[in-house]
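The values are calculated or read from the model by the stated rules, or taken from the named source; none is laboratory data. Note that the structure is predicted; figures quoted are calculated from it, not measured. Ideal geometry is used to build each Cβ from the backbone, glycine not excepted, and the neighbour counts take in all protein chains shown. Note: accessible area is taken over every heavy atom of the protein model, side chains too, but ligands, DNA and RNA are not part of it. Shrake-Rupley method; radii C 1.70, N 1.55, O 1.52, S 1.80 Å.
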Amino acid sequence: MSHEDRAEAIIELIESTGMAYAHSSGCVVLKDGTWLQPEQWQVWVEHLKNQEREAC
């Protein structure tokens, strides 16, 4: 799976599941109990930054 495919899968997972909370370890837990590593969460953060830039 390419980096772009993995990023798209992470974005789709977060959009469909939703975030429950951020753990003090830097991991993020989704509403279905899935844990994302900090680097996986960073994919989402970058996605949001890109959307914000496009909206301006």
For this session: State which residue pairs qualify: first residue without any contact (Cβ under 8 Å) to a residue 24 or more places away in the chain and inside the range 11-35, second residue part of a strand (DSSP E or B) and of a type in the set (Gly, Ala, Ser) in any location, beta carbons under 9 Å apart, and separation of 6 or more residues or different chains.
Result: Val28/Ala20; Val28/Ala22; Val29/Ala20; Val29/Ala22; Leu30/Ala20; Lys31/Ala20; Asp32/Ala20; Gly33/Ala20
For this session: Report, by residue number, each residue of the range 7-56 that is open to solvent by less than 60 Å² (accessible area, probe 1.4 Å), among the hydroxyl-bearing types (Ser, Thr, Tyr) and not in a loop (DSSP other than H, G, I, E, B).
Result: Thr17
